[in-house]
Amino acid sequence: MLFVAQRATAFVLAFAVAVHLATIIYAERGGLTAAEILARTQGNGWFLALYLVFVTAVAIHAPIGLRNVVREWSRWRADSLDLALAAFSILLLILGVTATLAMFIP
Amino acid sequence: MLQVEVWRGAERGRFQTFQVARREHQTILDVVTDIQREQDPTLAYRFACRVGMCGSCAMTVNGRPRWTCRTRVAVVIGSGDRLRLEPLRNFTVVKDLAVEMTDFFDKWRTAEGVFHSERTRADDFAVVPPASPQRQAADAGIECIGCGVCYAACDVVSWDRDYLGPAALNRAWTLVNDVRDGRRAPRIRAVAASSGCQACHVHMSCTAFCPKGIAPTYAIAGLKRAMLAQALGRSG
Amino acid sequence: MIASHRQPGFVAALLHRLSGVALAVFLPLHFLALATALRGADAMDRLLAITQTPVLKFAEVALVLALAMHMTLGLRVLAIEFLPIRERTAAAVSLSLAAAVAIGLVFLLNVG
């Protein structure tokens, strides 16, 4: 159920976010150009694998979190909320995979 | 003299201010009783044992849910002189400082906070080692007297009226850990339903305010783990 | 303010929630920006140049802080739910926030 997915992706993201933060801090020292970023990511199998997992986990984790916020802080609880969040999840997945591929494929 | 603002009415109403003489070692219950007996007999409030055993006297004192019988005025306001007394948050107000407890206890039932025995009188006694981890987990929560302070403290109850709440879930956890009980699986399903244990966001106000030192947060965490174990197909 | 909102656990949950919402809102934009790489390094560079304005630079630091904070406070939740240790709430919240700010500062100092 949603709670299980939320906690499971949380564990995955704890790792992925730590790597992501460490990487961007390390890589971005002294400014960063597109060429420098792409030099690291293009053709990099580790990048592709890690970030596809990262994107998938986020696409699951974020909408479930938003669902709690909306249900608790507004009156929107109908099925239409779940539908909207499912759409948001798909949006994140599509945009995220596109971005990852954009940076992987030379 | 204490300036005591007291809620009068039901869901709609107003604060009425009374002046009450300050006395040494005075409790909030002393103050409320003074008002009702000496100044306004129409004030509605609850108490029973007046010694911290029954849980009847809980109300919101200066923004925090407390037992009035065990709360000294000096602890609440120090050298100040203003008290504000309101009915417990998250409960429907019956009148003035008295609230409707039905929903609160109904949720205990919804959470399967009821013991179901597997045994008959023909069976031998159940053996429950007091030092076993399960019994210790149960013991940590069985002193609950249903006062409602944790339920009043809980923001998730405010945000989601269906949320079972810390007391009901704490009770369910004590029974999950009771080896004599026979309805573990249905109970875990009951607390795993939406607005069950998964709705707890670990604010921990329940644990901070419980007058008996019970920590519903960790009971609810236990239920979350039990729910996950059951979802993943393992028993235990 | 009512007493439950002065509890450290509530502050932690509120920051966790608000940082989560901020990240969720930001993420599609982030993905779109990165996808400019599809049009070549130059296109991406032009976008990166736009993000160097003070307002957006501030937003960038704020987002890194939000990410670090959401992660550390989330780890606190996971610890309470899955580890047998009993935490001291205020200390744990302070520690989580301190770690998040530290990460944010490291970012700021390396990137600013």
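Read the figures in this text as sums done on the coordinates, not as results from a lab. Here the structure is a predicted model, which means the values were calculated and not measured. Note that we place each Cβ from the backbone using ideal geometry, even for glycine, and neighbour counts take in every protein chain shown.
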Exercise for review: Compute the distance in nm between two label points, each set 7 Å from the Cα along the Cα-to-Cβ direction, one at A:Phe11 and one at C:Leu95.
Suggested key: 2.1 nm
Study note, to complete from the structure: Once normalised by the length of the range B:90-236, the mean sequence separation of its alpha carbon contacts under 8 Å that are 6 or more apart gives a contact order in percent of 27 percent
Point to revise | Shielding by partners - mean other protein chain Cβ count within 10 Å, residues of C:21-32 | key: 5
Exercise for review: Would you mind working out the magnitude of the charge dipole of the range A:2-104 relative to its Cα centre, with +1 at each Lys and Arg C-beta and -1 at each Asp and Glu C-beta, to the nearest 20 Debye?
Suggested key: 200 debye
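Rounded to the nearest 500, what is chain C's calculated 222 nm mean residue ellipticity when only DSSP H runs of at least 4 contribute -39500 (n - 2.57) each, over all residues?
-28000 deg cm²/dmol
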Point to revise | Extended-chain gain in nm, criterion 0.36 nm per residue less alpha-carbon gap, B:His25 and B:Arg12 | key: 1.4 nm
Practice item. Could you tell me which trypsin sites (Lys or Arg not before Pro) in the range C:12-112 are loop residues by DSSP with no more than 14 other beta carbons within 10 angstrom of their beta carbon? Key: C:Arg86, C:Arg88
Exercise for review: For peptide C:6-18, compute the average count of partner chain beta-carbon atoms within 10 Å of each residue's beta-carbon.
Suggested key: 5
**Study point:** Where labels lie 7 Å past Cα in the beta-carbon direction, separation of A:Leu101 and B:Val75 in nm
**Key:** 6.4 nm
Revision key, fill the gap. Taking every DSSP bridge whose two residues both lie in chain B, the antiparallel percent to the nearest 5 is 85 percent
Exercise for review: For a quick protection proxy, order the peptides B:66-74, B:163-171 by their average other-Cβ count within 10 Å, most packed first.
Suggested key: B:163-171, B:66-74
Practice item. Using per-residue counts of other Cβ atoms within 10 Å, averaged over each peptide, order A:12-19, B:152-159 from highest down. Key: B:152-159, A:12-19
Study note, to complete from the structure: In whole Hz, the Karplus estimates of ³J(HN,Hα) for the range A:94-100 (6.51, -1.76, 1.60; θ = phi - 60°; x where Gly or Pro) are 5, 4, x, 5, 4, 4, 4
Revision key, fill the gap. Here FRET efficiency (C-beta to C-beta, A:Thr33 to A:Trp76, R₀ 35 Å, nearest 0.05) is 0.20
